[in-house]
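What follows draws every value from the coordinates through simple rules; no lab data is involved. Note that the coordinates shown come from a computational prediction; the quantities given were computed from them, not determined experimentally. Cβ: placed from backbone, ideal geometry, glycine included. Neighbour counts: every protein chain shown.
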Amino acid sequence: MSWEYRQPVDSPNLGVITRDYLEGADGYSGVGLSVRLRKHLNFFGEVDGGGTRFLSTT
Amino acid sequence: MKISQFILLNLLLGTALPHVQAQEAATNAMSALAKPASATKPDVYHLDTSFGYRWPLNGDCRWLMPATIVFGKMLDDHNTLDAAFSGGVIELKPGSTADAQAHQPSFWNWVLRGNITLPRGTRPGNPTSPPARASSG
């Protein structure tokens, strides 16, 4: 995930920065349903649930 | 601004797909000229795009809108193994700590996932063979 700071931040290592990013991992599982309405027309819907964990420092 | 970024990302992903299909069609046409017609084979690979809307249950995010492009391989007739690349925009909750410090957040994501499909006719309570007829007398 990346973003832009509203106010520039003075970083000890990088100096003044305006953008930053954070790394993380996520996992999810879901269930979907596919219905064939016509020969060349399918409907598909899916519901997922899961979580995301980010590192504590940028 | 965020909506325009999301639409732009969708357009980029959406235009990538026809290019790949066009290349594949051209390759198939050349090989079809060199070989006699053969029986239709089932698709081994697939390429998809999708769009989503997510509500985080906690944190400072109000919603996320990912756009995804997926390249997958059929493991058998129903199940696939996919590699997906997605990106999108994030709307922060107004007044939250994150919103006070940052704006225009976005995300990019690599995913490796498996899709398990339960084909019609194998669901519990939906036998593939008709029920036995009850006999009388």
- Note on the structure: In Å, the Kirkwood estimate of hydrodynamic radius for chain A over Cα pairs equals 15.4 Å
- Query: What is the set of long-range amide H partners of B:L75 at a cut-off below 5 Å, with H atoms built 1.01 Å from backbone N?
  - Reply: B:T80, B:L81
- At most 14 other Cβ atoms within 10 Å and a DSSP loop assignment: could you name the GluC sites (Glu not before Pro) in chain A that fit? A:E23
- Message: Can you give me the long-range amide H partners of B:C61? Hydrogens built in the peptide plane at 1.01 Å from N, cutoff under 5 Å, separation of 5 or more residues or another chain.
- Response: B:K93
- Distance in nm between A:A25 and B:K93 label points, each 7 Å along Cα→Cβ, equals 2.7 nm
- Note on the structure: Relative contact order of chain A (C-alpha contacts under 8 Å, at least 6 apart) in percent is 31 percent
- Query: Short version: ³J(HN,Hα) in whole Hz for each residue of region B:63-80, in order, from phi by Karplus 6.51 cos²θ - 1.76 cosθ + 1.60 (θ = phi - 60°), x for Gly and Pro, what are they?
  - Reply: 7, 10, 10, x, 10, 10, 10, 10, 10, x, 10, 6, 7, 8, 5, 10, 10, 10
- Would you please report the Å³ per residue occupied by the convex hull of the alpha carbon atoms in region B:38-110? 101 Å³
- Query: If you take the beta carbon distance between B:R113 and A:E4 as r and set R0 to 35 Å, what does 1/(1 + (r/R0)^6) give as a FRET efficiency, to the nearest 0.05?
  - Reply: 0.70
- Message: Quick one: 3J(HN,Hα) in Hz for region B:107-119, Karplus 6.51/-1.76/1.60 with θ = phi - 60°, rounded, Gly and Pro as x.
- Response: 8, 9, 8, 9, 9, 10, 9, x, 10, 9, 10, 8, x
- Task: Could you compute the FRET efficiency for B:L57 and B:N79, with r as their C-beta to C-beta distance and R0 at 30 Å, rounded to 0.05?
- Result: 0.55
